[in-house]
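The values are calculated or read from the model by the stated rules, or taken from the named source; none is laboratory data. Values in this document were obtained by computation on a predicted structure and should not be read as measured data. Ideal geometry is used to build each Cβ from the backbone, glycine not excepted, and the neighbour counts take in all protein chains shown.
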Ligand SMILES: [Zn+2]
């Protein structure tokens, strides 16, 4: 914990003054252009891997970067998606999977989750991804299939479906590779290395 309090002091002393103008503007403006949905994994840091500043990304992080399909029940993720798309009018949504994902590894290898019933229940949102992955134990393939499946789930949310129909929203699937830092665009089955600086805009 001491590391974190030291970090807060460092932020106040070194980081904040250098960006004072940005933070002053952000005090009254919240206009992110992108909704980034990533895994809760501590190694996947959206702002770091996209080189973005505070205020640029609206972020949802869940175990396994899972987005449940639309349902009538109250749902924190659905509320955040709806807010980003209808109130903030984001232009892009990225679902970002990553290498060595604990959630995908547990599914790919059929880990016993008896002692983690909440995790087991949550991961059911990836069962379609598992079904699509031909080889059991193939974590990289499952990570990719899962990104595609979560993009499909996203499209079941009325706010997303409406924005897609109006042509004012684009969905993107990414996979981040932890040991190399590379990001691959896997939208609609393509595999494009973004590390060379490919533009995000569709
Ligand atoms: Zn993960």
request  = Find the residue count for segment 51-76, including only residues that are more than 11 Å from the chain's Cα centre (by Cα) and free of Cβ contacts under 8 Å to residues at least 40 places away in the same chain.
outcome  = 12
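Using the structure shown, decide if residue 60 is within 21 Å of residue 106 (Cα to Cα), within 14 Å of the ligand (Cβ to nearest atom) and either in a helix (DSSP H, G or I) or in contact with a strand residue (DSSP E or B) (Cβ under 9 Å, 6 or more places away or on another chain) (or both).
Working: within 21 Å of residue 106 (Cα to Cα): no; within 14 Å of the ligand (Cβ to nearest atom): yes; either in a helix (DSSP H, G or I) or in contact with a strand residue (DSSP E or B) (Cβ under 9 Å, 6 or more places away or on another chain) (or both): yes.
For residue 60, the condition - within 21 Å of residue 106 (Cα to Cα), within 14 Å of the ligand (Cβ to nearest atom) and either in a helix (DSSP H, G or I) or in contact with a strand residue (DSSP E or B) (Cβ under 9 Å, 6 or more places away or on another chain) (or both) - is not met.
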message = Suppose we filter segment 14-42 for residues that are surrounded by 13 or more Cβ atoms within 10 Å (Cβ to Cβ) and under 25 Å from residue 151 (Cβ atoms); how many remain?
response = 10
query = Could you say whether any residue in segment 156-176 is within 16 Å of the ligand (Cβ to nearest atom), closer than 27 Å to residue 57 by Cα and either out of contact with any helix residue (DSSP H, G or I) (no Cβ under 8 Å at 6 or more places or on another chain) or in a helix (DSSP H, G or I) (or both)?
reply = no
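Residue-wise test of (1) surrounded by 14 or more Cβ atoms within 10 Å (Cβ to Cβ); (2) within 15 Å of residue 39 (Cβ to Cβ); (3) in contact (Cβ under 8 Å) with a residue 60 or more places away in the chain.
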site	(1), (2), (3)
91	yes, no, yes
98	yes, yes, yes
112	no, no, no
146	yes, yes, yes
ask   = Within segment 24-57, can you find the residues that are part of a helix (DSSP H, G or I) and farther than 24 Å from residue 126 by Cα?
value = 24, 25, 26, 47, 48, 49, 50
inquiry  = Out of 79, 126, I need the residue that is farther than 28 Å from residue 194 by Cα, within 16 Å of the chain's Cα centre (by Cα) and either in a helix (DSSP H, G or I) or modelled with pLDDT under 95 (or both). Which one?
reply    = 79
task = Give the residues of segment 89-120 that are away from the ligand (no atom under 16 Å from the Cβ) and either under 12 Å from residue 142 (Cβ atoms) or touching a strand residue (DSSP E or B) at 6+ places or on another chain (Cβ under 6 Å) (or both), sorted by residue number.
result = 90, 92, 93, 110
